[in-house]
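Report on the structure given below.
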Amino acid sequence: MIHFEQLREFDFLSEEYRQLFQRSSATVFQQPLWLDGVYSRLAPALGAEPVIITGRVPGDATLVFLAPMLRRRYGPVPIVEFADLGVSDYCGPVIDCGFEAMIARDPDLQRSVLGVFGGFPLCRLQKVRDDSVIRTEMFKTRNWTPSPLCAHAVPLYAPFTQWRKDVISSKFRRDLQRNRRSLSARSDFRFQEVTDPDAIKDAFFALRSMHEDRWEDGQFCRPDFFEFYLDIAVRGQPVGLTRTYLTTCEGRAIAVDFCVVHQGRVALLLGGFDSEGFGQHSVGTLSMESAIEDSISRGDQVFDFTIGDEPYKKKFGTEPTAMWHLWLGHPAVASLAGLAFALRTKLKST
């Protein structure tokens with residue numbers, strides 16, 4: 001059996017967590033630098049209390065399981081949930097692949113893991129992908145609730161020209177080509193990944209300005225979230241975790257895309273463009289197309305537009321992946337919480 005423990009703090013930059021992450025099928029949103037930023041920067045700023053559940057092998061104490069959780073208050077109600085805070089698109093525990101296989105075979109172990117999460121008065125397992133082991137194996141008999149939005153991604157393959165022909169419609173290709181020709185005729189039209197810390201900072205300041213022009217009260221414009229993303233962008237670039245793409249024309253930034261990368265999967269998290277000066281050229285979609293071309297040149301296998309059902313994603317040939325959430329705890333309280341959050345989501349979307 002596995003010894004589970006609930007902790008208030010954990011070193012996500014430690015060697016034992018790095019090794020566990022490498023032995024797992026966890027997503028980029030459980031990567032050491034990412035979780036270090038969530039717990040060290042965002043959680044204190046938002047008043048969230050760390051709840052880290054670890055599972056170790058008795059005897060040698062090898063770390064084989066870690067669930068990154070937080071306790072947050074929604075009005076008067078405290079809820080333990082995955083460490084999301086609005087920045088992580090895919091949530092779930094980090095599990096050693098060998099231990100993951102044991103869970104799939106052993107109903108008693110499944111009940112033990114369920115007891116770890118179900119021991120809280122109210123627990124929410126949110127933003128769980130349809131193909132996540134937590135849904136397909138660990139809690140497959142539970143009543144999962146579909147989330148209102150899907151994730152969207154498209155497989156990549158070389159060469160880019162063939163991928164583009166196969167995946168993108170002829171009309172959309174013509175539109176992209178026309179806009180690219182129009183911009184190329186202007187002075188110094190350029191797309192690149194910026195890697196220098198100062199250049200990344202300049203790109204992020206430009207991206208924030210683009211967001212402020214469209215969403216004055218948007219999350220990314222808040223100082224705590226902006227600093228979180230900027231810190232991840234700078235620290236993650238040298239180790240291949242992050243890419244900051246910048247498109248410039250006539251000496252100024254006209255589009256910025258920020259991606260995180262793990263095992264050949266490129267996830268587009270933030271994007272913005274100069275809608276007033278270059279919106280008529282669809283510079284936002286041109287930048288995304290260039291990011292896909294760059295990803296293919298590096299050998300990446302998937303370009304992930306993450307959560308959200310925006311129509312432009314389908315133009316790039318994406319397929320949807322359902323997202324789910326599960327409430328655990330006292331049955332009556334969990335049921336009531338599920339109804340309350342469903343109503344909250346519906347009101348926010350209207």
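The values are calculated or read from the model by the stated rules, or taken from the named source; none is laboratory data. Note that the structure is predicted; figures quoted are calculated from it, not measured. Using ideal geometry, Cβ is built from the backbone for each residue, glycine included, and neighbour counts are taken over all protein chains shown.
Data table
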{"item": "Strands (runs of 3 or more DSSP E) enclosed by segment 288-350 - at least 1 residues per element that are loosely packed, with under 14 Cβ neighbours inside 10 Å and at pLDDT 95 or above", "result": "319-321"}
{"item": "Some residue of segment 91-98 being in the same structural domain as Leu336 (by TED's automatic domain parsing), part of a strand (DSSP E or B), over 26 Å from Leu339 (Cα atoms) and in contact with a helix residue (DSSP H, G or I) (Cβ under 6 Å, 6 or more places away or on another chain)", "result": "yes"}
{"item": "Gly271 under 20 Å from the mean Cα position of the chain (by Cα), small (Gly, Ala, Ser) and closer than 23 Å to Arg178 by Cα", "result": "yes"}
{"item": "Top-ranked residue in segment 142-170 [being part of a loop (DSSP other than H, G, I, E, B) and among the small types (Gly, Ala, Ser); ranked as surrounded by the most Cβ atoms within 10 Å (Cβ to Cβ)]", "result": "Ser147"}
{"item": "Those residues of segment 173-221 which are within 24 Å of Lys315 (Cα to Cα) and hydroxyl-bearing (Ser, Thr, Tyr), in sequence order", "result": "Ser182, Ser184"}
{"item": "Selected residue (criterion: surrounded by the most Cβ atoms within 10 Å (Cβ to Cβ)) from residues of segment 181-190 that are part of a helix (DSSP H, G or I) and touching a residue at least 12 places away in the same chain (Cβ under 8 Å)", "result": "Leu183"}
{"item": "Residue in segment 17-33 that is out of contact with any helix residue (DSSP H, G or I) (no Cβ under 7 Å at 6 or more places or on another chain), closer than 21 Å to Glu227 by Cβ, crowded, with 23+ Cβ neighbours inside 10 Å and aromatic (Phe, Trp, Tyr) present", "result": "yes"}
{"item": "Among the residues listed as Asp257, Asp274, Asp231, the single one being of a type in the set (Asp, Glu) and under 19 Å from Thr306 (Cα atoms)", "result": "Asp257"}
{"item": "Residue, surrounded by the fewest Cβ atoms within 10 Å (Cβ to Cβ), within segment 84-105, restricted to residues that are without any contact (Cβ under 8 Å) to a residue 60 or more places away in the chain and farther than 20 Å from Arg71 by Cα", "result": "Arg105"}
{"item": "Residues satisfying the stated conditions in segment 187-235, i.e. touching a Gly at 6+ places or on another chain (Cβ under 9 Å), under 21 Å from Ser88 (Cα atoms) and modelled with pLDDT of 95 or more", "result": "Leu207, Arg208, Phe225, Phe228, Tyr229, Asp231, Ile232, Arg235"}
{"item": "Selection count where residues are over 23 Å from Ala337 (Cα atoms) and in contact with a Leu (Cβ under 6 Å, 6 or more places away or on another chain), scope segment 39-78", "result": "4"}
{"item": "Selected residue [surrounded by fewer than 17 Cβ atoms within 10 Å (Cβ to Cβ) and at pLDDT 90 or above] from Asp108, Asp131", "result": "Asp131"}
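To keep it simple, each residue is scored yes or no on (1) assigned by TED's automatic domain parsing to the domain that holds Ile292; (2) outside any helix (DSSP H, G or I); (3) within 24 Å of Ile292 (Cβ to Cβ); (4) aromatic (Phe, Trp, Tyr).
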| position | (1), (2), (3), (4) |
| --- | --- |
| Leu125 | no, yes, no, no |
| Ile134 | no, no, no, no |
| Glu137 | no, no, no, no |
| Asn179 | yes, no, yes, no |
| Gln192 | yes, yes, yes, no |
| Ala199 | yes, no, yes, no |
| Ser209 | yes, no, no, no |
| Phe226 | yes, no, no, yes |
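Quick grid of which residues meet (1) modelled with pLDDT of 95 or more; (2) outside the structural domain of Gly338 (by TED's automatic domain parsing); (3) part of a helix (DSSP H, G or I); (4) of a type in the set (A, V, I, L, M):
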position: Phe29; (1), (2), (3), (4): yes, no, yes, no
position: Asp36; (1), (2), (3), (4): yes, no, yes, no
position: Met69; (1), (2), (3), (4): yes, no, no, yes
position: Arg73; (1), (2), (3), (4): no, no, no, no
position: Pro78; (1), (2), (3), (4): no, no, no, no
position: Asp89; (1), (2), (3), (4): yes, no, no, no
position: Ala104; (1), (2), (3), (4): no, no, yes, yes
position: Lys140; (1), (2), (3), (4): no, no, no, no
